[in-house]
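Below you'll find the structure, written out as structure tokens, and then a few comments.
The values are calculated or read from the model by the stated rules, or taken from the named source; none is laboratory data. Values in this document were obtained by computation on a predicted structure and should not be read as measured data. Backbone-built Cβ (ideal geometry, glycine too); neighbour counts: all protein chains shown. These accessible areas exclude ligands, DNA and RNA; they are computed on the full protein's heavy atoms, side chains included. Shrake-Rupley method; radii C 1.70, N 1.55, O 1.52, S 1.80 Å.
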Amino acid sequence: MAVSQMKLVRTVGFLSKLNPFLASCCIDGFFEPDNAARHISPSLGFTPLAEENPYISLIHKIDELAEISGITPERKRVRAGLVPDPQSETWLLDMGTRIAAIHDERRDLAEQLSLCENAMEQYNHFVGLDTPLESIFSCKYIKVRFGRLPKESAQKLTLYANNPYLLFIPCSETETDEYGAYFAPRHYADEADRIFASLFFERLWIPGAVGRPRDVLAHLEQNISILKEQISALDTRSREIWSSETERLNSMYSQLCYLSELFELRRYAVVHGDSFFYTGWVPADRMRRFTRLIDNMDGVTFEAVDPTPEFAEEVPVRLKNLRLFRPFEYLVAMFGLPSSTDMDVTPFVAITYTLIFGIMFGDVGQGFVLLLAGLFAYFKMRSKMGAIIAYSGGAAMLGGLVYGSFFGYEDKLDFLYRAVGLPGKPFHAMESVNGLLIVSIAVGIALMLCSMVINIITSFKNHRAGDALFGPNGFAGMVFYACGVTFATDFLWSDKNGPFPVSSALYGSCALVAIVLLFLHPILSKLIARRKDWKPKNIGEFLMESFFEVFEYVLSYFSNTVSFLRLGAFVLVHGGMMMAVFAMAKNGNIVVIVLGNIFVIALEALFTSIQAMRLEFYEIFSRCYKGEGRAFAPVRLK
């Protein structure tokens, strides 16, 4: 339940051994390369290794050929220490020439096929024209326009029936348009164009041809059939080439990808003469395996050291939790991973998130539905959220046992309480609103105090004793907050309960001391750190800044605490929604009840999960967690 300790591995060896070293250390997926130039003095003469990857062009060539043929290369595992085949490039170029020739020929045929299909589509509209097209196009004194008219406009052509210079011949029609051609003498062509433009005539440009439109269509159909056969034959040839060379192609593709990835890892190295220097991160619990891989390699030596403080913020983070808590690493990562020197809050999040969700979504039946849905999503769909939903459903079932709620029914679990000797359900949420809100505040207070304890531990761990002792989320802040809670409790204390157990003078004096320490936090922190600049440069500015900072602390304590009222509010919302469902289900309509439960489960589960995450990220994390870590990203060569 912590952040895995990382070791910085520094390796020196002959440049000829760089590839074997990388192939060995990246085989298990527990080595993350780092820029070696940052870990060595420039005065030693090492310079970055600048090389051009010789395998990229070949990989792109295979991808290009595969795209042309509509095939996806399959990558397979290759053996470590692979050496490229010098004949591969020659074979690949020869194959590319053959595939490219087929592709070029197919492209030309496809263009011809497209032209024929477009022409066929145009001529289909004018199949009713029983006149050779060459006769029409060869007219010297007549202009002709092919196109279409809206049917409403075609009816208006009767207005020009007495015009001897205008002739429209309809050829075909659709639901909205009428296709045809109009004829006019050349000296009257402009006027005819104006008339038909006013009728919304849309001109269509048909390709030139010989014969009647029906004859042209028959010829086009024959051409299309021939072109499709030729294209199919080319596709068959292309597939035959690929099928005969598939195994070799996939093998070459896998080898080239492996060698390319291996070559890219060389960019992290620095070299001097025929020597290289390489660095990377390895989890401490994997060092024994790493040592066995590298110790047997001649010409390479390494040392594993703990990261220095200057690189503490750049150390990659790998979480190491019990399997029970691992699903909640997903929620922690959404906010940000802890740094290598911070505490891993995953177990804390797992407990508090399920607690918050169970309080807000307390229903045995609906929680069981969420539990089943989460298990299905986790085991069948491999969803990370599935396990979280399952945990949330289990917590909702426990909350439902406290509230006595089963799919919204408040009395269906009474037999269970009587069986264990209870007179009824432990808590009547809808009848004890004040008690519910008090419990919500109490839960919030406990969680905030726990988050402050985590912050104190983390601050001491990071050698920030001033923040741990005098910070708003340190010991002074925790004492002041506890005193404030005690004061509020004393204010609301009833005389029927007897005298308040804590003296007002005690918590008042503790609060006064705590607020003075908060006020002097910047000065005291610097004094503990033995910094010489502990004195404020301007007393007035310091007093003003400290006053507003303390005021902000007090407001944040209050607002964060009040924010936990949403725990009780969502319990009441759940009860209200189910009351509305039963009100709509007159006479116990089971269909309405089932649909209402489905609606409530979907809607409230979404809102409850959002509110639970909000409480985690804002009210809790703001006091103990920054999430500034960088995820461990090891390299695994296939």
What FRET efficiency do you get for Lys532 and Met430 if R0 is 45 Å and r is their Cβ-Cβ distance, rounded to the nearest 0.05? 0.10
Hey, what does the equivalent ellipsoid look like for the range 305-376, semi-axes from the Cα gyration tensor as sqrt of 5 times each eigenvalue, largest first, whole Å? 34, 12, 9
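Measure up Lys7/Lys320; Lys461/Lys626; Lys320/Lys626; Lys320/Lys380 against 23 Å on the Cα-Cα distance and list the ones that go over. Mind showing how you got there, number by number?
Details: Lys7/Lys320 15 Å; Lys461/Lys626 15 Å; Lys320/Lys626 18 Å; Lys320/Lys380 25 Å.
Too far apart for the 23 Å limit: Lys320/Lys380.
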Placing +1 on each Lys and Arg Cβ and -1 on each Asp and Glu Cβ in the range 228-322, then taking the dipole about the Cα centre, the residue among Ala284, Ile294, Ser251 whose Cα reaches farthest towards the positive end is Ser251
Where the chain is the region considered: accessible area per residue in Å², 1.4 Å probe: 55 Å²
Output the direction-averaged projected area (hull surface divided by four) of the convex hull of the alpha-carbon atoms of the range 495-543, in nm². 5.2 nm²
Accessible area of the chain with a 1.4 Å probe: how many percent of it is carbon plus sulfur? 60 percent
Which label in [x] 371; [y] 161; [z] 178 gives the computed volume of the Cα convex hull per residue in Å³: [x]
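Quick test of the membrane-span-like rule: which DSSP H helices of the chain reach at least 24 Å along their long axis (C-alpha atoms) with mean Kyte hydropathy at least 1.6? All intermediate terms of the calculation are to be shown ahead of the outcome.
On the way: long enough: 88-124 (52 Å, -0.62); 213-265 (66 Å, -0.37); 384-403 (29 Å, 1.12); 433-461 (42 Å, 1.96); 475-492 (26 Å, 1.46); 539-563 (35 Å, 0.65); 565-584 (29 Å, 1.68); 590-614 (35 Å, 1.87).
Result, helices passing both filters: 433-461, 565-584, 590-614.
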With each run of n ≥ 4 DSSP H residues scored as -39500 (n - 2.57), what mean residue ellipticity at 222 nm is computed for the chain after dividing by its residue count and rounding to the nearest 500 deg cm²/dmol? -18500 deg cm²/dmol
Relative contact order (percent, whole number), the chain, Cα cutoff 8 Å, 6+ residue spacing: 21 percent
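Round to the nearest 0.05 the FRET efficiency obtained for Asp190 and Ile169 when R0 = 22 Å and r is the Cβ-Cβ distance. Intermediate results must be reported in sequence, preceding the final value.
Working: r = 20 Å, r/R0 = 0.92.
About 0.60, to the nearest 0.05.
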Ignoring solvent entirely, what values of log10 I(q)/I(0) come out of the Debye formula for the range 127-205 at 0.15, 0.16, 0.22 Å⁻¹ when each Cα is a single scatterer? -0.50, -0.57, -1.09
Spatially proximal lysines relative to Lys412 (Cα-Cα < 25 Å; intrachain offsets below 8 disregarded): Lys425, Lys586
4 °C / 1.567 mPa s Stokes-Einstein diffusion coefficient of the range 335-439, Kirkwood radius on C-alpha pairs, µm²/s: 85 µm²/s
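Mind ordering 319-331, 14-26 by average Cβ neighbours within 10 Å, highest first?
Values: 319-331: 16.8, 14-26: 19.3.
Order by mean packing, descending: 14-26, 319-331.
For Tyr141 and Thr72 in one chain, what is 0.36 nm times their gap in residues minus the Cα-Cα distance, to one decimal in nm? List each step's numbers first, then the result.
Working: separation 69, 0.36 × 69 = 24.84 nm, distance 6.00 nm.
That works out to 18.8 nm of additional length.
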